[in-house]
């Protein structure tokens, strides 16, 4: 029994020492390999950093020189991003070649087909937004700096990237809307036209001279907002309301964003109200009448007979 225990202890000691020796040999081999590859590693890192700097300055050069003739900022932005990505990828591949990892890269790319298919199926929405971003970048109907209204949001276009369009709202908050939403849903671009038609709604009392109302409103707006050739101030009565005869007046003015629309309506409403007050034309408002004629009987009744 004693001899068997001694043999087991001896074999266990041999196994542990062999494992430690193997681990030491591997660590020494890794260290020797690292020392041998260290010059190439440093050179690969330097090459990759040089390509990063080259991509940065190449982007500036493209924006200031080559792409300066392109008016649309979104096209410049997407083109610069694509070119910078290509330069960085070239630097990455060269760095792998310096580390003698080009064969490993080839094996990885060979097996990337199946993985790419799985990722493509899982990221259909993201890929859709990416392609939509490319389309938006070349779409002349929406550019950086435009004031747009879409998907329930309105604001200035700050950025168009491969995932979303960034809009700065009037309250200075940013909204990121997926590119696919912009492509699929209607949007209003206030900045694509230098002039737009503004509409003001109002109503006058039933006792008003309607012809005089129409004439006075048209003259007031025409004096306030200059109408160009083929542009007119248009006045239309619309309906008999509960307490007023309602109308709209439409006119043209310089509009580039939603704020200018509100400003034009603001000026027009003040001018119309001032003109109506001067002529004694009443702009009615809803009135509620409470009838107290049906008084409750306060005479006591005796039902206990």
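The values are calculated or read from the model by the stated rules, or taken from the named source; none is laboratory data. Model, not experiment: these values are computed from the prediction. With ideal geometry, Cβ positions are generated from the backbone for all residues, glycine too; neighbour counts draw on all protein chains shown.
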Inset, instruction - Would you mind telling me which numbered condition in (1) at pLDDT 90 or above; (2) closer than 30 Å to residue 152 by Cα residue 240 fails? - result: (2)
Inset, instruction - Kindly indicate whether any position in the stretch 251-260 is modelled with pLDDT under 95, part of a helix (DSSP H, G or I) and crowded, with 16+ Cβ neighbours inside 10 Å. - result: yes
Legend entry - Residue in the stretch 266-281 that is at pLDDT 95 or above, within 30 Å of residue 157 (Cα to Cα) and surrounded by fewer than 12 Cβ atoms within 10 Å (Cβ to Cβ) present: yes
Legend entry - Enumeration of residues in the stretch 206-240 that are surrounded by 14 or more Cβ atoms within 10 Å (Cβ to Cβ) and over 21 Å from residue 256 (Cα atoms): 208, 213, 214, 216, 217, 218, 220, 234, 235, 237
